[in-house]
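> Have a look at the structure that comes next, please.
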Amino acid sequence: MFCALMVVFAWADPSRADIYVRRGDDGTLHFSNCPMGTEWKLYAHEKRKQAPSYQYPNRRSSGKSQAQYETLINHIATGHGMNPSVIKGIIEVESGYDQFAKSSKGAMGLMQLMPGTAQDLGVADPWNPTENITAGTKYFSWLLKKYNGNLTKALAAYNAGPAVVDAYGGIPPYQETEEYVRSVLARIYGGGYAQE
């Protein structure tokens, strides 16, 4: 019992999910973060951290072009073992190289970081090109490793979230995500793509 509880507590914090418990027919306690049925009871409630409220800068445009970010992107991408063309493709589709871009959902900057992702990656100023590209590249590198180098799945997860990609086992049937993956790959390879 003690070992089971230790596993639950060790596992609960990184995943930040509610934990449910039920007693089996043989008396064994079972724990889950995704209970099925009515016999489960809440065991531990997730304490969600508040995403920071990043101030939108007064500036509207950096006035910089893709060429002016070239050296910075190359440096950050290669430093994280990434192909700079991939990061450039993501930035072009995400923000069109506008460092002050903000989406209706709250995504910020060149690589359109969500506030929670920015916080998790230690970003102090999401409008700062170096911080934004570094955090976005770290996150995309992690996604690429998670999907064993499968670029289409990693791109889909960058757009729709890894939980959705995991649920569908690949690119989800969302028009926005399908078009996003096509657009980024077209910029990387200069054409279409083969879905893996």
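Throughout, read-outs are computed from the coordinates displayed, never taken from laboratory work. What you see is a predicted model, and the numbers here were worked out from it, not measured in a lab.
> For segment 77-111 and segment 118-175, what is the centre-to-centre distance using only Cα atoms, to the nearest Å?
For segment 77-111 versus segment 118-175, the Cα centre distance is 11 Å.
> What pairs from Lys41/Lys145; Lys41/Lys153; Lys88/Lys153 go past 29 Å between their alpha carbons?
Exceeds cut-off: Lys41/Lys145; Lys41/Lys153.
> Okay, moving on. Taking every pair of alpha-carbon atoms in segment 61-116, give the share separated by more than 12 Å as a whole percent.
Looking at segment 61-116, the distances longer than 12 Å represent 64 percent of pairs.
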